[in-house]
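**Student:** Shown below is the structure under consideration.
The values are calculated or read from the model by the stated rules, or taken from the named source; none is laboratory data. The structure presented is a predicted model; accordingly, all values stated were derived computationally and were not measured. Quick reminder, even Gly has a Cβ in these numbers, built from the backbone with ideal geometry, and neighbours come from all protein chains shown.
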Amino acid sequence: MEKKVTVEELLAKAEQPTKDALRLHPFYKGKVGITLKCRVRDFNDFAIWYTPGVAAPCKEIQKDPEKAYEMTNKGNFVAVITDGTRVLGLGDIGAMAGLPVMEGKALLYKYLGGVDAFPICINEKDPDKFIYIVKALQPTFGGVNLEDISHPKCFHILDTLRAECEIPIWHDDQQGTACVTVAGLINALKIVNKKIDEVRVTVIGSGASGIAIARLMMAAGVNPENMLSVDSKGILSRDREDRETLQTKYKEKWDMCLKTNPKCIKGGIPDAIKGADVLVSVSTPGPGVIKPEWIKTMAKDAIVFAEANPIPEIWPWEAKEAGARIVATGRSDFPNQINNSLGFPGIFRGTLDVRAKTITDEMCIAAAYELAKVAEDHGLSEEYIIPNMDQWEVFPREAVAVGRKAIEQGVARKDIPADELYKMAETTIRKAREEIQFLMKEGFIVDPDKK
């Protein structure tokens, strides 16, 4: 007979990654570095890679800037940029304190997508100055991943950079979270046999992630009239007492007020949850932010996505006991991880491979449907609505879906057939993984337990 896992054991499991992180981060002194791509047979090769030989490719790029994609690593460089104003669930901890997160992001880019990402933490909280800095970095990078920037300025920063930059700009807390959430929702609805245009959806949290999730769910088919969004002051509606403030300072929230909640339902989180088929929470780290008694008021076969990090708003077992049929969190140590890491490596792989000028909502939705399809191909269940990160075929398949959608929309610089795109992505990702395995095997990446 299978032994029942106790709450204490589950809590101990949830706390273990924190303990390991404090031990291993100082051991390795960070997670990413720079390795070489070219051969160095002897010191004579420096004349090719540096002066005098390097002047020749410089002149070629001066004549035709597009050749930078052929003669340098620009086409595989992504900048992971933050001002440290909203790091994970920790808040405004400063740019330097956000560096471990940006390094972690770069690690995931490399291992999961074969993308060479640089962590860049900027001591600049003024949004316009921040925009200026990012724009000035364009010559080096093929794309930019904005990360952990507080709202509402994150919306202004993303919208401005997307409009004014020549390379794709991506805010993972908005687009990445939304993409993976939609993928999970697609499959969860299949299990409970409900239609996306009929379900009642409640989104708790109206920051960068919450607004983007609501927008992308509507783009994917959720009826905005069946949606409620909640911020710290209650349910968003067009007749809220603070509507003038929303109109002037929080335009994205006001947009949600106009699009959702046509009946102008008032109240707080419990009122918004009552009767909902789907609850997506991207708010304050828990536990205890979402109460089990609130889950009990949801519709039959309720779907609960509690995505706050590092601790979900409600523990999965509590939500299940309260009647939720499908529960997902943002953590890798529980079933159904709704995590950006399933999205951005493959999305950027496809974006870079076709040299897309931007990343559109349609490209994100294409990635979400492919992500959902990968899980469906492996067999859906209440404990498996979305792939795991170790199912590496997710990322080349996403890359193809995104790349082909970019080509279809006319935002790609290269038109590459789907089979060739898959081969390119698979080769790049496989090489990245095999390099890391080789370095571990040969002892260049040291095993801390054997040192």
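**Student:** SER332 - would you say it is of a type in the set (Gly, Ala, Ser), closer than 20 Å to LEU228 by Cα and part of a loop (DSSP other than H, G, I, E, B)?
**Tutor:** So SER332 fails the test.
**Student:** Check LYS110, LYS105, LYS129, LYS153 and return the single one that is of a type outside the set (A, V, I, L, M, F, W, C) and more than 20 Å from the chain's Cα centre (by Cα).
**Tutor:** Testing whether each residue is of a type outside the set (A, V, I, L, M, F, W, C) and more than 20 Å from the chain's Cα centre (by Cα) leaves just LYS129.
**Student:** So is ALA95 of a type outside the set (S, T, N, Q), crowded, with 19+ Cβ neighbours inside 10 Å, closer than 24 Å to ILE347 by Cβ and out of contact with any Ser or Thr (no Cβ under 6 Å at 6 or more places or on another chain) or not?
**Tutor:** For ALA95, the condition - of a type outside the set (S, T, N, Q), crowded, with 19+ Cβ neighbours inside 10 Å, closer than 24 Å to ILE347 by Cβ and out of contact with any Ser or Thr (no Cβ under 6 Å at 6 or more places or on another chain) - is not met.
**Student:** Oh, and also: Given the residues VAL203, VAL182, which is the only one that is in contact (Cβ under 8 Å) with a residue 24 or more places away in the chain, buried (at least 17 other Cβ atoms within 10 Å of the Cβ), in contact with a helix residue (DSSP H, G or I) (Cβ under 9 Å, 6 or more places away or on another chain) and not in a helix (DSSP H, G or I)?
**Tutor:** VAL203
**Student:** Another question, if that's okay. What number of residues in the stretch 50-92 are among the basic types (Lys, Arg), modelled with pLDDT of 95 or more and crowded, with 19+ Cβ neighbours inside 10 Å?
**Tutor:** Residues in the stretch 50-92 being among the basic types (Lys, Arg), modelled with pLDDT of 95 or more and crowded, with 19+ Cβ neighbours inside 10 Å: 1 in total.
**Student:** Which one of these does ALA366 not meet: (1) free of Cβ contacts under 8 Å to residues at least 12 places away in the same chain; (2) more than 23 Å from LYS431 (Cβ to Cβ)?
**Tutor:** For ALA366, the exception is condition (1).
**Student:** Enumerate the helices (runs of 4 or more DSSP H) found wholly within the stretch 1-100, keeping only those where 3 or more residues are in contact (Cβ under 8 Å) with a residue 12 or more places away in the chain, more than 20 Å from the chain's Cα centre (by Cα) and closer than 30 Å to ARG413 by Cβ.
**Tutor:** Here the list reads 68-71.
**Student:** Then there's this: Which residue out of LEU158, LEU189 is buried (at least 17 other Cβ atoms within 10 Å of the Cβ) and in contact with a His (Cβ under 6 Å, 6 or more places away or on another chain)?
**Tutor:** Within the list LEU158, LEU189, the selection yields LEU158.
**Student:** Follow-up question, since we're still on this one. Considering only the stretch 416-433, how many residues are surrounded by 13 or more Cβ atoms within 10 Å (Cβ to Cβ) and outside any helix (DSSP H, G or I)?
**Tutor:** Looking only at that region, the number is 1.
**Student:** For the stretch 247-273, give me the residue count where each residue is out of contact with any Pro (no Cβ under 6 Å at 6 or more places or on another chain), crowded, with 17+ Cβ neighbours inside 10 Å and either of a type in the set (A, V, I, L, M) or not in a helix (DSSP H, G or I) (or both).
**Tutor:** 5
**Student:** If you go through the stretch 275-290, how many residues are part of a loop (DSSP other than H, G, I, E, B), more than 20 Å from the chain's Cα centre (by Cα) and buried (at least 17 other Cβ atoms within 10 Å of the Cβ)?
**Tutor:** Here the count works out to 5.
**Student:** With respect to the numbered conditions (1) crowded, with 20+ Cβ neighbours inside 10 Å; (2) within 21 Å of ASP361 (Cβ to Cβ), which one is the sole condition not fulfilled by GLU408?
**Tutor:** (1)
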